[in-house]
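**Q** Please find one structure pasted underneath; my questions will follow.
The values are calculated or read from the model by the stated rules, or taken from the named source; none is laboratory data. These numbers come from a predicted model, not from an experiment. Positions of Cβ are backbone-derived with ideal geometry, glycine not excepted, and every protein chain shown enters the neighbour counts. We work out accessible area using only protein heavy atoms, side chains counted, and drop any ligands, DNA or RNA first. Shrake-Rupley method; radii C 1.70, N 1.55, O 1.52, S 1.80 Å.
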2 protein chains.
Amino acid sequence: MSGVRRFAAQATGDFGWAEVERLRYKEEGSAPFRDITRQVLFAQPDQACELRYFEIAPGGYSTLERHRHTHAVLILRGRGTVRIADEAHPIAQFDLVTIDPLVWHQFTAADDCDLGFLCLVSKTRDRPQLPGPPEAPAPSSGHDEAA
Amino acid sequence: MSGVRRFAAQATGDFGWAEVERLRYKEEGSAPFRDITRQVLFAQPDQACELRYFEIAPGGYSTLERHRHTHAVLILRGRGTVRIADEAHPIAQFDLVTIDPLVWHQFTAADDCDLGFLCLVSKTRDRPQLPGPPEAPAPSSGHDEAA
């Protein structure tokens, strides 16, 4: 519905918004990750994309994964590192990160501050693949709540 | 292509990014507006949406308009006002603004600071309608560079 939802940082400094729920990053035990939350800021009925906000506590990290869908990321808060394929890139507030199809990637917060970022993805997207021993091929399409 | 494009504020304080061009908001004379620029941050081939960044100088404003496609807006910098239908709402950094189909809207920067905001839209969208004397109905679909 048309309107303004106010930004309201929590007492801890973590980012939050009116009417936006703070969710688990993904199911516990489904993949390796640490100290990360997810908030869906926009999922407009007429748009085929979602804008999510992820927040990683100091020293935390997202899952190392790859998938056919792309990520379009804008760092909203803090500092950290993004691994893209075999390279680690420092990232800071308002930097833009693009992740192409099937490129391994992982976001890590700095040891001394949080890392918060917007991530734009298609609503319909394939399930992430994890590194490790050979396994059954992942489905090529579907919907998944992971980053 | 996968990678990081660095945030690099200009000497004036205006927001900018490596490899991102600062564009005109829309064609001069096509509609009323003042002191506003447009930068396309992401238009991923596999995503049906674009993420753009608009920056309005102090006292400037976007066109008062409406259209069938929706806007999903996150304020990235500064303060101002958004008019939604007949109501004016103050807006500040990191607030979220939703504009529903066919709702009149206009963004205005405060007199003493810039207003910068991300705007997420579908790549395929209808042309904005302007207020004024009755005119021929706007096309119901197509692509337009306007906000």
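**Q** Hey, among A:Thr70, A:Thr12, A:Thr63, A:Thr81, which residue is farther than 30 Å from B:Thr70 by Cβ and open to solvent by less than 20 Å² (accessible area, probe 1.4 Å)?
**A** Of the residues listed, the single one that is farther than 30 Å from B:Thr70 by Cβ and open to solvent by less than 20 Å² (accessible area, probe 1.4 Å) is A:Thr63.
**Q** Right, something else. State yes or no: is B:Ile75 free of Cβ contacts under 8 Å to residues at least 40 places away in the same chain and in contact with a Gly (Cβ under 8 Å, 6 or more places away or on another chain)?
**A** no
**Q** Look at B:Leu51 and say whether it is within 30 Å of A:Gly13 (Cβ to Cβ), modelled with pLDDT of 95 or more, surrounded by fewer than 22 Cβ atoms within 10 Å (Cβ to Cβ) and touching a Leu at 6+ places or on another chain (Cβ under 9 Å).
**A** Answer is no for this residue.
**Q** Return the residues of the stretch A:1-25 that are within 8 Å of chain B (Cβ to nearest Cβ), β-branched (Val, Ile, Thr) and assigned to a loop (DSSP other than H, G, I, E, B); say none if nothing qualifies.
**A** A:Val20
**Q** Taking B:Pro58 and the conditions (1) within 25 Å of B:Phe7 (Cβ to Cβ); (2) in contact (Cβ under 8 Å) with a residue 40 or more places away in the chain; (3) open to solvent by less than 10 Å² (accessible area, probe 1.4 Å), which numbered condition does it fall short on, given that it satisfies the others?
**A** In the conditions (1) within 25 Å of B:Phe7 (Cβ to Cβ); (2) in contact (Cβ under 8 Å) with a residue 40 or more places away in the chain; (3) open to solvent by less than 10 Å² (accessible area, probe 1.4 Å), B:Pro58 misses (3) alone.
**Q** Tally the residues that are of a type in the set (Lys, Arg) and either modelled with pLDDT under 55 or open to solvent by 40 Å² or more (accessible area, probe 1.4 Å) (or both), restricting the search to the stretch B:104-147.
**A** The number of residues fulfilling the criteria is 2.
**Q** Filter the stretch B:78-89 down to the residues that are more than 8 Å from chain A (Cβ to nearest Cβ) and in contact with a strand residue (DSSP E or B) (Cβ under 6 Å, 6 or more places away or on another chain) and list them by number.
**A** B:Gly78, B:Arg79, B:Gly80, B:Thr81, B:Arg83, B:Ala88, listed by residue number.
**Q** Oh, and also: For B:His69, state whether it is part of a loop (DSSP other than H, G, I, E, B), modelled with pLDDT of 95 or more and touching a strand residue (DSSP E or B) at 6+ places or on another chain (Cβ under 8 Å).
**A** Judged against the criteria, B:His69 is a match.
**Q** Can you tell me which residues in the stretch A:15-30 are open to solvent by 60 Å² or more (accessible area, probe 1.4 Å) and under 12 Å from the mean Cα position of the chain (by Cα)?
**A** Within the stretch A:15-30, just A:Arg24 meets the criteria.
**Q** Out of curiosity, is B:Ile36 more than 10 Å from chain A (Cβ to nearest Cβ), within 25 Å of A:Phe15 (Cα to Cα), under 12 Å from the mean Cα position of the chain (by Cα) and part of a strand (DSSP E or B)?
**A** no
**Q** Follow-up. Within the stretch B:53-70, take every residue that is over 18 Å from B:Arg34 (Cβ atoms) and among the charged types (D, E, K, R) and give me the one that is farthest from the chain's Cα centre (by Cα).
**A** Among those that are over 18 Å from B:Arg34 (Cβ atoms) and among the charged types (D, E, K, R), it is B:Arg68.
**Q** From the residues in the stretch B:84-103 that are farther than 20 Å from A:Tyr53 by Cα and assigned to a strand (DSSP E or B), which one is least open to solvent (accessible area, probe 1.4 Å)?
**A** Among those residues, the one meeting the criterion is B:Ile84.
**Q** If you take the residues of the stretch A:118-132 that are in contact with a strand residue (DSSP E or B) (Cβ under 7 Å, 6 or more places away or on another chain) and not small (Gly, Ala, Ser), which of them is nearest to the other protein chains (Cβ to nearest Cβ)?
**A** A:Leu120
**Q** Only one of B:Phe42, B:Phe33, B:Phe7 is among the aromatic types (Phe, Trp, Tyr), free of Cβ contacts under 8 Å to residues at least 12 places away in the same chain and open to solvent by 20 Å² or more (accessible area, probe 1.4 Å). Can you tell me which?
**A** Selected residue: B:Phe7, the only one of B:Phe42, B:Phe33, B:Phe7 that is among the aromatic types (Phe, Trp, Tyr), free of Cβ contacts under 8 Å to residues at least 12 places away in the same chain and open to solvent by 20 Å² or more (accessible area, probe 1.4 Å).
Residue-wise test of (1) closer than 17 Å to B:Leu74 by Cβ; (2) within 11 Å of chain B (Cβ to nearest Cβ).
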{"site": "A:Cys49", "(1), (2)": "yes, yes"}
{"site": "A:Thr63", "(1), (2)": "no, no"}
{"site": "A:Arg68", "(1), (2)": "no, yes"}
{"site": "A:Leu76", "(1), (2)": "yes, yes"}
{"site": "A:Asp100", "(1), (2)": "no, yes"}
{"site": "A:Ala110", "(1), (2)": "no, no"}
